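Engineer: This is the structure, below, for whatever I ask next.
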Amino acid sequence: MSDATRAVEAIWRIESARIVGALARYTGDFALAEDAAQEALAEALTSWPRDGQPANPVGWLMTTAKRRAIDTIRRAGVQREKYEAIAHGQDEAYDDDLDVERIDDDVLALMFVSCHPVLSKEARVALTLRVVGGLSSEEIARAFLVPVPTIQARITRAKKTIAAAKVPFEVPSPDERRERLAGVLNVLYLIFTEGSTATSGEDLIRTDLAREARRLTRVLIGVLPDEPEAYGLLALMELTASRFPARIDAAGNPILLEDQDRARWDQGAIRRGRAALEQATPRGLGPYGLQAAIAATHAAADSVETTDWERIIVLYEALGRIAPNPIVDLNRAVAVAMTHGPLRALEIVDRIAEDKRLDHTHLLPTVRGELLRRLGRTVEARTELERAASMCANERERAVLRQKLADLP
């Protein structure tokens with residue numbers, strides 16, 4: 001890859017959201033803006049290595065994208081007044097076109113459109129990574145281990161759905177924004193979760209995807225600096241990512257929490273996570289902030305044995321009250337086992353099993369099998385761990401479960 005190509009990709013990754021956002025505001029057409037921006041990117045990848053990087057690379061991309069949008073409009077025979085106004089000013093310098101006060105609004109509007117509830121979860125994730133994150137279809141497909149045409153189809157359908165639903169390109173009103181912010185945070189959380197705990201394939205951690213989720217969360221905080229739960233999410237991401245260096249061995253195999261070398265935990269990420277958590281705390285912690293507080297409790301301990309498990313139990317109980325979820329209950333059961341023993345934890349797990357919502361995952365039989373092993377109920381433990389191994393889609397995690405089976409007496 002040439003230096004010019006690297007420069008194009010770096011600038012695009014940083015500035016694409018502003019470019020697409022500004023263009024969507026100018027044209028009033030989200031799909032057209034994204035398509036035109038992609039055409040400008042493709043032209044830059046061809047011309048910059050040949051002709052050299054322009055003095056104002058962002059301005060070049062913006063101007064080129066505007067021209068592509070106008071060409072598309074003209075080919076379609078559209079003669080609306082606002083498009084003619086855009087065409088009239090197409091040769092103006094980028095700095096003159098750019099309303100500095102509107103940049104944050106453009107990026108924020110782009111996030112809310114990409115994460116609009118009219119879209120499916122998969123479409124929101126793909127579209128956010130594409131138009132806000134600046135990732136190519138190939139990069140998104142590689143991150144999620146799906147074919148490129150699948151990602152392209154999701155993005156195309158998403159843009160058509162937005163157009164059909166007449167979703168406006170605008171920042172929602174304060175009341176609506178509060179309601180829809182949870183959806184934006186959830187998309188960023190899903191991206192990070194897929195990066196930090198890969199659900200399929202061979203890799204346990206996809207650091208690029210997790211890093212992109214953190215970057216996008218910082219972008220959101222930059223445009224919404226007064227939202228505590230955005231800080232809570234960033235804190236959770238940083239504190240979780242701090243363990244990445246110790247979570248896998250040289251061969252890529254997972255290392256369980258009790259066996260991790262905590263000296264390898266990233267102290268810089270822990271400091272950043274704690275700082276973000278402090279920003280989230282004054283107005284009360286939401287679901288992400290509570291999860292971050294749990295992660296911070298782990299980070300404060302020198303070992304599993306010295307961890308304040310009672311505090312973790314209390315935090316999980318609080319989390320379960322404001323965001324009921326069987327995964328939360330399952331994690332609380334693990335903390336109870338560390339403090340009060342496996343029998344009491346097994347009672348909680350058996351109540352969770354009655355819920356049936358975890359029947360499709362390997363998590364419940366994994367925890368239940370481990371508790372039964374600790375209780376000496378080997379036959380039952382073997383049945384649960386075999387079931388967990390058969391359900392686990394990640395090859396590395398499946399290997400750990402098989403090793404647990406092999407270690408049973």
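The values are calculated or read from the model by the stated rules, or taken from the named source; none is laboratory data. The model shown is predicted, which means the values in this text are computed figures rather than measured ones. Using ideal geometry, Cβ is built from the backbone for each residue, glycine included, and neighbour counts are taken over all protein chains shown. When the accessible area is computed, the model is the full protein with side chains, heavy atoms only, and any ligands, DNA or RNA have been set aside. Shrake-Rupley method; radii C 1.70, N 1.55, O 1.52, S 1.80 Å.
Engineer: When the residues of the range 116-161 are filtered to those that are of a type in the set (D, E, K, R) and closer than 18 Å to Trp12 by Cα, which remaining residue is modelled with the lowest pLDDT? Lay out the reasoning, then the answer.
Structural biologist: Narrowing the range 116-161 to residues of a type in the set (D, E, K, R): 121-122, 124, 130, 138-139, 142, 154, 157, 159-160.
Still in the list and also closer than 18 Å to Trp12 by Cα: 130, 138-139.
Numbers: Arg130: 91, Glu138: 88, Glu139: 84.
Result: Glu139.
Engineer: Being surrounded by fewer than 22 Cβ atoms within 10 Å (Cβ to Cβ) and either in contact (Cβ under 8 Å) with a residue 40 or more places away in the chain or more than 13 Å from the chain's Cα centre (by Cα) (or both) is the filter here, so list the residues in the range 117-132 that pass it.
Structural biologist: Looking only at the range 117-132, we keep the residues that are surrounded by fewer than 22 Cβ atoms within 10 Å (Cβ to Cβ), and these are 117-118, 120-122.
Correct list: Pro117, Val118, Ser120, Lys121.
Engineer: Can you tell which of Val78, Val113 is aliphatic (A, V, I, L, M) and either at pLDDT below 90 or not in a helix (DSSP H, G or I) (or both)? Walk me through how you get there before you give the answer.
Structural biologist: Values: Val113 fails: either at pLDDT below 90 or not in a helix (DSSP H, G or I) (or both).
Val78 is the lone residue from the list that is aliphatic (A, V, I, L, M) and either at pLDDT below 90 or not in a helix (DSSP H, G or I) (or both).
Engineer: Can you tell me which residues in the range 265-276 are exposed (fewer than 15 other Cβ atoms within 10 Å of the Cβ) and either within 20 Å of Pro228 (Cβ to Cβ) or at pLDDT below 95 (or both)? Outline the logic, then answer.
Structural biologist: So in the range 265-276, the residues exposed (fewer than 15 other Cβ atoms within 10 Å of the Cβ) come out as 267-268, 271, 275.
Hits for the range 265-276 are Arg271, Ala275.
Engineer: Right, here's the next one. Filter the helices (runs of 4 or more DSSP H) completely within the range 142-227 down to those with at least 3 residues that are within 28 Å of Ile255 (Cα to Cα), free of Cβ contacts under 8 Å to residues at least 60 places away in the same chain and open to solvent by less than 50 Å² (accessible area, probe 1.4 Å).
Structural biologist: Values: elements: 148-164, 174-196, 207-223.
Qualifying helices (runs of 4 or more DSSP H): 174-196, 207-223.
Engineer: From the list Ala235, Ala276, Ala182, Ala250, exactly one residue is of a type in the set (Gly, Ala, Ser) and either within 28 Å of Thr27 (Cβ to Cβ) or over 20 Å from the mean Cα position of the chain (by Cα) (or both). Which is it?
Structural biologist: On the way: Ala235 fails: either within 28 Å of Thr27 (Cβ to Cβ) or over 20 Å from the mean Cα position of the chain (by Cα) (or both); Ala276 fails: either within 28 Å of Thr27 (Cβ to Cβ) or over 20 Å from the mean Cα position of the chain (by Cα) (or both); Ala182 fails: either within 28 Å of Thr27 (Cβ to Cβ) or over 20 Å from the mean Cα position of the chain (by Cα) (or both).
Selected residue: Ala250, the only one of Ala235, Ala276, Ala182, Ala250 that is of a type in the set (Gly, Ala, Ser) and either within 28 Å of Thr27 (Cβ to Cβ) or over 20 Å from the mean Cα position of the chain (by Cα) (or both).
Engineer: Within the range 300-310, which residues are over 17 Å from Ala241 (Cβ atoms) and of a type outside the set (D, E, K, R)? So that I can check it myself, show each step before the final result.
Structural biologist: The first filter runs over the range 300-310 and keeps only residues over 17 Å from Ala241 (Cβ atoms), leaving 301-310.
Those that are over 17 Å from Ala241 (Cβ atoms) and of a type outside the set (D, E, K, R): Ala301, Ser303, Val304, Thr306, Thr307, Trp309.
Engineer: Continuing with the same structure: Can you tell me which condition Ser242 does not meet? The list is (1) open to solvent by 20 Å² or more (accessible area, probe 1.4 Å); (2) among the polar types (S, T, N, Q); (3) more than 17 Å from Ala126 (Cα to Cα), and all the others hold.
Structural biologist: Condition not satisfied by Ser242: (1).
Engineer: Let me ask you something else. Condition (residue is hydroxyl-bearing (Ser, Thr, Tyr) and farther than 21 Å from Ala318 by Cβ) applied to the range 345-368: is it met by at least one residue? Give the derivation first.
Structural biologist: Step one: of the range 345-368, the residues hydroxyl-bearing (Ser, Thr, Tyr) are 361, 366.
Filter once more, so that each one left must be farther than 21 Å from Ala318 by Cβ: 361, 366.
Yes, the range 345-368 contains a residue that is hydroxyl-bearing (Ser, Thr, Tyr) and farther than 21 Å from Ala318 by Cβ.
Engineer: I need the full set of residues from the range 397-409 which are open to solvent by 60 Å² or more (accessible area, probe 1.4 Å) and either among the β-branched types (Val, Ile, Thr) or under 35 Å from the mean Cα position of the chain (by Cα) (or both), in order please. Lay out the reasoning, then the answer.
Structural biologist: Pass one, the range 397-409, residues open to solvent by 60 Å² or more (accessible area, probe 1.4 Å): 402-403, 406-407, 409.
Correct list: Arg402, Gln403.
Engineer: Across the range 360-377, what is the number of residues that are assigned to a helix (DSSP H, G or I), open to solvent by 40 Å² or more (accessible area, probe 1.4 Å) and farther than 16 Å from Gly341 by Cβ?
Structural biologist: Of the residues in the range 360-377, the ones assigned to a helix (DSSP H, G or I) are 363-374.
Then keep just the ones that are open to solvent by 40 Å² or more (accessible area, probe 1.4 Å); that gives 363, 368, 370, 373-374.
Among the residues that remain, those that are also farther than 16 Å from Gly341 by Cβ are: 363.
Final tally of qualifying residues: 1.
Engineer: Failed condition for Arg396, given (1) in a helix (DSSP H, G or I); (2) free of Cβ contacts under 8 Å to residues at least 40 places away in the same chain; (3) of a type in the set (Lys, Arg), with all others met?
Structural biologist: (2)
Engineer: Right, something else. Criterion first (open to solvent by 40 Å² or more (accessible area, probe 1.4 Å), among the hydrophobic types (A, V, I, L, M, F, W, C), without any contact (Cβ under 8 Å) to a residue 40 or more places away in the chain and part of a helix (DSSP H, G or I)) does Leu343 satisfy it? Can you show your working first?
Structural biologist: Working: open to solvent by 40 Å² or more (accessible area, probe 1.4 Å): yes; among the hydrophobic types (A, V, I, L, M, F, W, C): yes; without any contact (Cβ under 8 Å) to a residue 40 or more places away in the chain: yes; part of a helix (DSSP H, G or I): yes.
Judged against the criteria, Leu343 is a match.
Engineer: Let me ask something additional. Scan Leu257, Leu216 and give me the residue that is modelled with pLDDT under 95 and closer than 16 Å to Ala182 by Cβ. If you could, list the steps in order and put the result at the bottom.
Structural biologist: Numbers: Leu257 fails: closer than 16 Å to Ala182 by Cβ.
Only one candidate qualifies: Leu216.
Engineer: Can you find a residue that is within 17 Å of Phe244 (Cα to Cα), among the polar types (S, T, N, Q) and open to solvent by 70 Å² or more (accessible area, probe 1.4 Å) anywhere in the range 281-299?
Structural biologist: no
Engineer: Are any residues in the range 321-335 within 22 Å of the chain's Cα centre (by Cα), assigned to a helix (DSSP H, G or I) and not β-branched (Val, Ile, Thr), and if so, which ones?
Structural biologist: Quick first cut of the range 321-335, residues within 22 Å of the chain's Cα centre (by Cα) only: 322-328, 331.
Checking the rest, the ones that are also assigned to a helix (DSSP H, G or I) come to 322, 326-328, 331.
Scanning the range 321-335 gives Pro326, Asn331.
Engineer: In the range 11-44, what residues are more than 18 Å from Ser114 (Cα to Cα) and open to solvent by 50 Å² or more (accessible area, probe 1.4 Å)?
Structural biologist: Across the range 11-44, the qualifying residues are Glu39, Ala42, Glu43.
Engineer: What pairs come up if the first residue lies in the range 317-337 and is within 19 Å of His362 (Cβ to Cβ), the second is β-branched (Val, Ile, Thr) and open to solvent by less than 20 Å² (accessible area, probe 1.4 Å), and their beta carbons are under 6 Å apart, counting only those six or more places apart or on different chains?
Structural biologist: From the range 317-337, the pairs are Pro326/Ile352; Asp329/Ile352; Leu330/Ile352; Ala333/Ile348; Ala333/Val349.
Engineer: Does Ala318 meet the test of being of a type outside the set (S, T, N, Q) and under 22 Å from Tyr231 (Cβ atoms)? Let's see the steps before the verdict.
Structural biologist: Working: of a type outside the set (S, T, N, Q): yes; under 22 Å from Tyr231 (Cβ atoms): yes.
Considered against the rule, which asks whether it is of a type outside the set (S, T, N, Q) and under 22 Å from Tyr231 (Cβ atoms), Ala318 comes out as yes.
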